[in-house]
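Structure first, then comments.
FYI, it's all coordinate maths here, none of it is from the lab. These numbers come from a predicted model, not from an experiment. Using ideal geometry, Cβ is built from the backbone for each residue, glycine included, and neighbour counts are taken over all protein chains shown.
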C-alpha cells in the first residue's frame, strides 16, 4: 500500500537484509560467531561481579594480541619472537609521556601504536629479507635488546623497579575498561578479516606458502611481508598502551620472551591462520589458569601440553573443533530431514 521510491517496505527489508548478509560474508563471520560477539559485548551489562569482569578484560586483551600475532605466523609463516617487546614499546611510550609530559592516555593509544608500528617497520625491513628461523631469531634478538634498553636506563624507566602509570579512569570499575578493550578487539578482528580476505591477504598466504613461487607470480615479497609485520606490531603497541593504563604498573617483564610464548600458545590453540581462534582460546585458557592459581608454577608445562595436544590431535585448533561439530550437526540434521 505504501511505497518508498517505487519499492515496497518488504522489498526494502529484503534488500537491507541481503546487504547485511553480504557484509558479514565478506568478513567471514558466521551467524554463530556474530552471536558470540554480541553475547560478549552485552555480558558486562548483566554481570555485576568485578572479578569476572576483570577476567573478561584480560581475556579480550590476550585475544587481541593473539589475533595480531596470528596475522604474522598464520599468513606469512614468520614467527615474531620479539612480539612482546612491541607490546612493551607501546606501553612505555604512553606511560613515559603521561608521567613526564602529562599526555592523556587516550592520546597515548595513538602514539604508542604509531611508535611500535614505526619500529616494527624498521625491524621488518632488516629482518624479513631473511628466511625461516633466521627471521625469527633476528626478531628475538631485537626484542631482547629493547627489553635490555628499558632495564638499564634506570633514570628514564626506573628499570626493574617499574613505573606507576596513570590509569584511564580514577574509579576501579571494570566495565569501563571492558568497553575500551572490546571495541579495540572488535576493530582489530574486522580490519584483519577484511585485510586477509582481500588481494593483500592472498599475497600474504602466497608468501607464507612458497615465497619463491609468489615472487615468480609478480608479488613483491618485501613489500607485503613488511606490511604484515608493521600492522601486527602496531596492534601490539596499541594493546600495550591499554595494558599500561589498565594495570597501572609497568616493568620490563612485559617485554620478556615468555610473554611472546604465551601469546603464541593462545594463537595456536585457537587455530593458526583463523584470527578469531585467538578469541576462543583466550576465553578458555585465561580463566583456566586463573582458576588453577596453585599450578601457576607449572603454567609453561601446561602450555606445552596444550600445544602438543593441539598440534598432534587438533591441528585446526579450537576453530577446527567448532567446524567439525558444526558439520556433524548439519549431517545429523540432513539425515533427520530426509527420514521425515
> Going by how many other Cβ atoms sit within 10 Å of their own, how do 260, 337 line up, fewest first?
Replying inline: 337, 260
> In the set (1) 20.0; (2) 18.6; (3) 24.1, which value of mean projected area of the Cα convex hull in nm² was calculated from the structure you see?
Replying inline: (3)
> So what is the relative contact order of the range 73-117, in percent, for Cα pairs below 8 Å that sit 6 or more residues apart?
Replying inline: 38 percent
> So what is the calculated 222 nm ellipticity per residue for the chain, using -39500 (n - 2.57) for each DSSP H run with n of 4 or more, over all residues, to the nearest 500 deg cm²/dmol?
Replying inline: -25000 deg cm²/dmol
> How do 149, 328, 192, 89 line up, fewest other C-beta atoms within 10 Å first?
Replying inline: 328, 149, 192, 89
>> Looking at the chain as a GNM with Cα springs under 10 Å, which of 183, 315, 105 has the largest mean-square fluctuation?
In response: 183
>> Using 0.36 nm times the number of residues separating residue 133 and residue 253, minus their current alpha carbon distance, what extension gain do you get?
In response: 40.8 nm
> Taking the simple approach of a point 7 Å from Cα along Cα-to-Cβ for both residue 313 and residue 39, what is their distance in nm?
Replying inline: 2.3 nm
> Using alpha carbons only, how many degrees (0 to 90, rounded to 10) separate the axis of helix 257-270 from the longest principal axis of the chain?
Replying inline: 10 degrees
> In whole angstrom, how far apart do the alpha carbon centroids of the range 203-245 and the range 253-316 sit?
Replying inline: 22 Å
> Which ordering of 276, 300 is given by a fewest-first count of other beta-carbon atoms within 10 Å?
Replying inline: 300, 276
> Can you give the angle from 0 to 90° between the axis of helix 199-209 and the longest principal axis of the chain, with both taken from C-alpha atoms, to the nearest 10?
Replying inline: 70 degrees
> Which FRET efficiency value, to the nearest 0.05, is calculated for residue 329 and residue 216 with the Förster distance at 51 angstrom and r the Cβ-Cβ distance?
Replying inline: 0.75
> Which length gain, in nm to one decimal place, applies between residue 47 and residue 151 when the Cα-Cα distance is subtracted from 0.36 nm times their residue separation?
Replying inline: 33.5 nm
> Counting pairs of alpha carbon atoms under 8 Å apart in space and at least six apart in sequence, what relative contact order in percent does the chain give?
Replying inline: 29 percent
> Over all distinct alpha-carbon pairs, what is the Kirkwood Rh of the range 102-155 in angstrom?
Replying inline: 12.9 Å
